[in-house]
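Below is one structure; the comments refer to it alone.
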Amino acid sequence: MVIGGGYAGLSCALALARGGASVIVADSEMAGFGGSSRNGGQANGGWNMIDLAAPDQGAMRARVESGLESQGHFEELLAREGLYDCYEPVGKFVAAYVPRHYDTLRRKAEWASANGYLDAEEVAPENVHEEVGTEFYHGGVRFSRGGLVQPARLHAGLLARVAAAGATVASPVRIDGFRRVPGGYSVETTAGDIRCNNLVVTTNGYTGSATPDLQRRVVPVASYIIATEPLADEVVDALIPRRRAVSDTARVLTYFRLSPDHRRMVFGGRASFASVSPEEGATGLHRMMTERFPHLRDVRVTHGWKGNVAFARDRLPHMGEADGLHWALCCNGSGVVMMTYLGAKIAQRILDRPNAPVCAFDGTGSANQAFPAIPLYNGRPWFLPVIGLSYRLRDFVDRLQSAR
């Protein structure tokens, strides 16, 4: 049984069903209600795993390699399932919020290229206009691997393939708890008790009290997104000339893209570290957008929404297994590719029963150590507003210093 009908849950269910297993996917809302249909549509794997300051460089390299493998898996899945038409392989541009961030990006790009991981290329500050139509940024890095997806269309396609493969998708069905029984688990749901040999948790930013031990390890963070009214062709062409996925290096993250019809700016980020409505979030995002693109100040915002992402204490993705309970959680805001990959890796673990970890994010065998709990945390992220205030202050100081 799979709990959670997003990318990870559906990817897992599809691989299990194709492997001959009987599968039920349950979601407390309609499948895809969460981040899988309400994300920014950026599909990249590998770059975010590069950490040249990591104390264990061998482990870091393994994470980069698994990240790149996730990108390959994602593109192969789309091609195999006939879903490639919802994907634009336009690459990625990471913009430097302040000059010293450019130095860090440049070193990462040099390392990635020298080691054959990515065709990463630095973009000097005077050439930023090649990627984004603003003077706000201080250079950046671009690479061709990865791109953009239409999130809800991707989810709908996966959902249809899962149903066609013979799996059952039950929603809305709430999970109230579970207990060990001989041979597996008995899962208490609003549709009745369900017996299963393996129980898979892929609830990510919506992990709740039905899985309290995992809930203490997962921090849900709302990501807010807005879309502008249709823009003139010349405005669109200047905003993101190469139509890549774009994000920046501010602590209060922003990311943006053109809409799939290339007529609107779709702009997302951490508009609030407290839970507010999409309308309130849109106000903060509009301020952030026009700070970067002042010429959009008078452009109307026509759509706004939010969806939860999930962070771990170590800011890494996690999958694992203990006594037939499996999980894939916490992609830290970069989950389109990674969650799809981790779901398939859980299916591999169930079907093949390997003795070794199946990827660099597999903590099976040392689950509690590999997936750290958060002290004084029970699932309610009381500390996020404090962290958000700290991030905003530090970003402000960084920009102030860079202007001197």
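Here, each number is a calculation from the coordinates, and none is a lab measurement. Everything numeric in this text was worked out from a predicted model, so none of it was measured. So basically every Cβ, Gly included, is an ideal-geometry build from the backbone, and we count neighbours across all protein chains shown.
Working from the alpha-carbon coordinates of segment 315-384, get Rg over Rh, Rh being the Kirkwood radius. Ratio of gyration radius to Kirkwood radius for segment 315-384: 1.00.
Using a Förster distance of 22 Å, how high is the FRET efficiency between Ser277 and Arg251, based on the Cβ-Cβ distance and rounded to 0.05?
0.40
Adding -39500 (n - 2.57) for every DSSP H run of four residues or longer, then dividing by how many residues the chain holds, sets the calculated 222 nm ellipticity at -10500 deg cm²/dmol.
Both the radius of gyration and Dmax for segment 228-382 are 19.6, 59 Å, in that order, over alpha-carbon atoms. Can you compute the FRET efficiency between Thr290 and Ala53 using 1/(1 + (r/R0)^6), with r the Cβ-Cβ distance and R0 = 41 Å? Round to the nearest 0.05. That pair, Thr290 with Ala53, gives E of 0.75.
What translational D, rounded to a whole number of µm²/s, comes out for the chain from Stokes-Einstein when the hydrodynamic radius is the Kirkwood one over Cα pairs, at 25 °C and 0.890 mPa s? Translational D for this selection: 113 µm²/s. Principal-axis analysis of the Cα atoms of the chain puts helix 57-80 at an angle of about 80° to the longest axis.
For Asp248, the amide hydrogen comes within under 5 Å of the amide hydrogens of Ala95, Thr254, counting only partners 5 or more places away or on other chains and with H modelled in the peptide plane. Length available on full extension from Glu110 to Glu188: 0.36 nm per residue minus the Cα-Cα distance, which gives 22.9 nm.
Largest GNM mean-square fluctuation among Ala210, Ala328, Ala232, using the chain with Cα springs under 10 Å: Ala232.
For the chain, what is the charge dipole size about the Cα centre, in debye to the nearest 20, if Lys and Arg each add +1 at the Cβ and Asp and Glu each add -1 at the Cβ?
700 debye
Calculated from the alpha-carbon coordinates, segment 1-95 shows an Rg and a Dmax of 15.9, 46 Å respectively.
Once backbone amide H atoms are built at 1.01 Å from N, Thr189 has Asp176, Ile194 as its partners under 5 Å, excluding neighbours fewer than 5 places away on the same chain. In this entry, segment 63-186 is assigned a mean projected area of 12.4 nm², taken as a quarter of its C-alpha convex hull surface. In summary, the lysines within cross-link reach of Lys306, defined as a Cα separation below 26 angstrom excluding same-chain residues under 8 places away, comprise Lys92. Eigen-decomposition of the gyration tensor built on the alpha-carbon atoms of segment 42-121 gives equivalent ellipsoid semi-axes of 26, 16, 9 angstrom, largest listed first. Counting charges near Glu321 (Lys, Arg +1; Asp, Glu -1) among other residues having Cβ under 9 Å from its Cβ returns a value of -1. Within the shell of other residues whose beta carbon sits under 15 angstrom from the beta carbon of Trp111, the net charge comes to -2, with Lys and Arg scored +1 and Asp and Glu -1. Each label was represented as a point 7 Å from its Cα along the Cα-to-Cβ direction; for Asp298 and Ala62 these points are 5.7 nm apart.
Filter the chymotrypsin sites (Phe, Trp or Tyr not before Pro) in segment 332-399 down to the DSSP loop ones having no more than 16 other Cβ atoms within 10 Å, then list what survives.
Taking segment 332-399 and a limit of 16 other Cβ atoms within 10 Å, the loop chymotrypsin sites (Phe, Trp or Tyr not before Pro) found are Tyr377, Trp382, Phe383.
Phi angles of segment 244-252 translate, via the Karplus equation with coefficients 6.51, -1.76, 1.60 and θ = phi - 60°, into HN-Hα couplings of 7, 6, 10, 9, 10, 9, 4, 5, 8 Hz per residue; Gly and Pro are given as x. The phi torsions of segment 370-384, fed into the Karplus equation with coefficients 6.51, -1.76 and 1.60 and a -60° offset, translate into couplings of 6, 10, x, 6, 10, x, 6, 10, 10, x, 9, x, 5, 8, 4 Hz, rounded to whole numbers, with Gly and Pro shown as x. Farthest towards the positive end of the charge dipole of the chain, among the residues Asn378, Val309, Leu68, is the Cα of Asn378, using unit charges on the Cβ of Lys, Arg, Asp and Glu. Gap in Å between the Cα centre of segment 286-318 and the Cα centre of segment 175-231? A separation of 25 Å, based on Cα centres.
Among residues other than Ala59 with Cβ under 15 Å from its Cβ, the summed charge is -2 (Lys and Arg +1, Asp and Glu -1). Phi-derived couplings, Karplus 6.51 cos²θ - 1.76 cosθ + 1.60 at θ = phi - 60°, listed residue by residue for segment 5-19: x, x, 4, 5, x, 5, 4, 5, 4, 5, 5, 5, 5, 5, x Hz, with x used for Gly and Pro.
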